[in-house]
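The values are calculated or read from the model by the stated rules, or taken from the named source; none is laboratory data. Keep in mind the model is a prediction, meaning the values are calculated, not measured. Cβ placement follows ideal geometry from the backbone for every residue including glycine, while neighbour counts extend to all protein chains displayed.
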Amino acid sequence: MSYTIVTDACIACGACAKKCPENAIFGKVKVGFEIDPFVCMDCGNCFDTCKRGAIEDPFGDRSAVRNRKQENTKAVIDSEICAGCKICFMNCPQEAISIIKKGLFTGSFCQVDSSLCVGCGTCTEYCITGAVSLEKFV
């Protein structure tokens, strides 16, 4: 028994693959991912990481509790709180975050390109200041 990816719920962001210590998750960002049941050690990192509820838990019904599938969500960065550390930028699997210079001596902040953001929430996991949040759009 192993964790499995529900393909119709998966947005192919790659967050689960980044968190897998055994490299049991393979595929391509924006295309799709699979879990190799022979390599998977059932640690649950992928399940805990997936914000879309696209990973099924073979050991219980936590998937019903943890189903965080969020339709029409996008990351938003509060430029007043953003420290400009670029951690979210470096970890965004969709490359939807860019660096904006404030001024010559005033540093920079990060900004989300909503046309590229799939709302996976990876950036919120890495943000050290709490400047990144997921917001629902209609």
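For region 113-128, the tally of residues that are over 15 Å from residue 79 (Cα atoms) and not in a loop (DSSP other than H, G, I, E, B) stands at 3.
Each residue in region 86-125 was checked for being among the basic types (Lys, Arg) and at negative phi, and 2 of them qualify.
Of the residues 13, 43, which single one is outside any helix (DSSP H, G or I) and free of Cβ contacts under 8 Å to residues at least 24 places away in the same chain? Being outside any helix (DSSP H, G or I) and free of Cβ contacts under 8 Å to residues at least 24 places away in the same chain holds for just one of 13, 43, which is 43. Within region 20-40, no residue that is at pLDDT 90 or above sits with its Cβ atom under 9 Å from a residue that is in a loop (DSSP other than H, G, I, E, B) and among the basic types (Lys, Arg) at 6+ positions apart or across chains. Quick one: would you say residue 74 is at pLDDT below 85 and within 15 Å of residue 134 (Cα to Cα)? Criteria not met by residue 74.
Go through the residues of region 127-136 one by one and say whether even a single one is in contact with a helix residue (DSSP H, G or I) (Cβ under 7 Å, 6 or more places away or on another chain) and without any contact (Cβ under 8 Å) to a residue 40 or more places away in the chain.
Here is the first cut: in region 127-136, the ones in contact with a helix residue (DSSP H, G or I) (Cβ under 7 Å, 6 or more places away or on another chain) are 127-128, 132-134.
Next cut, without any contact (Cβ under 8 Å) to a residue 40 or more places away in the chain only: none.
Within region 127-136, not a single residue is in contact with a helix residue (DSSP H, G or I) (Cβ under 7 Å, 6 or more places away or on another chain) and without any contact (Cβ under 8 Å) to a residue 40 or more places away in the chain.
Rundown of residues vs (1) in the same structural domain as residue 52 (by TED's automatic domain parsing); (2) of a type outside the set (Phe, Trp, Tyr); (3) over 23 Å from residue 33 (Cα atoms); (4) surrounded by fewer than 18 Cβ atoms within 10 Å (Cβ to Cβ), yes/no style:
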position: 81; (1), (2), (3), (4): no, yes, yes, yes
position: 100; (1), (2), (3), (4): no, yes, yes, yes
position: 110; (1), (2), (3), (4): no, yes, yes, no
position: 113; (1), (2), (3), (4): no, yes, yes, yes
position: 121; (1), (2), (3), (4): no, yes, no, no
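Here residue 79 does not fit the description of being hydroxyl-bearing (Ser, Thr, Tyr), at negative phi and at pLDDT below 85. Reported count of residues in region 82-112, each being assigned to a loop (DSSP other than H, G, I, E, B), free of Cβ contacts under 8 Å to residues at least 24 places away in the same chain and basic (Lys, Arg), is 1.
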